[in-house]
Each structure stands twice: as C-alpha cells, then as structure tokens.
Amino acid sequence: MALMITDECTGCDACVDPCPNEAIAFGDPIFIINALLCTECVGTDEDPQCELVCPADCIIPNPDFVETPEQLQEKYDNIHS
Ligand code: SF4
Ligand code: SF4
C-alpha cells in the first residue's frame, strides 16, 4: 500500500531525502507522495522512512493503493530495474 500525506503537512522537507524511490515531491501547499513510486519502503527498509522522520505525523496509508508485500517488492524491482 502506498502512503499519502495529509493536510497537516507543514512543508518541512524532512521526508524527501530519506525516500529510497524519490517518491516525494514539493506540492502547493503540501508535499505529495507519488503512489506509483511508493513501496512503503519494501525493498530497502523494514519501516517507511518518511513516516519515521515526519514531525507532523501526517503520513498515512493511501486507501486507493492497497498492495500486498509481494506486490510492493515487485513494484520496487520494476522501479529500480
Ligand atoms: Fe518513499 Fe518509503 Fe515514504 Fe513510500 S514509504 S514515500 S517509498 S519513504
Ligand atoms: Fe510534510 Fe511530514 Fe514531509 Fe515535513 S516530513 S514535508 S511535515 S510530510
């Protein structure tokens, strides 16, 4: 399942660099996760790195992108192939 950023985002920028898939970009006014690139960090880390660093606690599951761990691994492999 991809993650998404809610309106509580303060635009602090902390989540951009830790993302292994370059899935997070500046949006106006809040940052945005490209659901097609987000693997919930499956492929590189045990936990979503953006969630760990977000001081606003505003990163949540995206209900429109429900995916199994296996699908997320395949997604990661395709992104980095
Ligand atoms: Fe990037 Fe991982 Fe956050 Fe998805 S969960 S946006 S892959 S840091
Ligand atoms: Fe927004 Fe959280 Fe990312 Fe900061 S770390 S830009 S508050 S989503």
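No value in this document is a laboratory result; all are computed from the given coordinates. Please read these numbers as outputs of a predicted model, since none were measured by experiment. Neighbour counts are summed over all protein chains in view; Cβ atoms, including those assigned to glycine, are modelled from backbone coordinates with ideal geometry.
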### Query
Does residue 64 count as within 14 Å of ligand 2 (Cβ to nearest atom), assigned to a loop (DSSP other than H, G, I, E, B) and either in contact with a Ser or Thr (Cβ under 9 Å, 6 or more places away or on another chain) or farther than 14 Å from residue 76 by Cα (or both)?
no
### Query
Is it the case that the stretch 16-36 has a residue that's loosely packed, with under 15 Cβ neighbours inside 10 Å and of a type in the set (Phe, Trp, Tyr)?
yes
### Residue list for the stretch 8-67, restricted to those being farther than 19 Å from residue 81 by Cβ, in contact with a Cys (Cβ under 7 Å, 6 or more places away or on another chain) and aliphatic (A, V, I, L, M)
14, 24, 30, 53, 56, 59
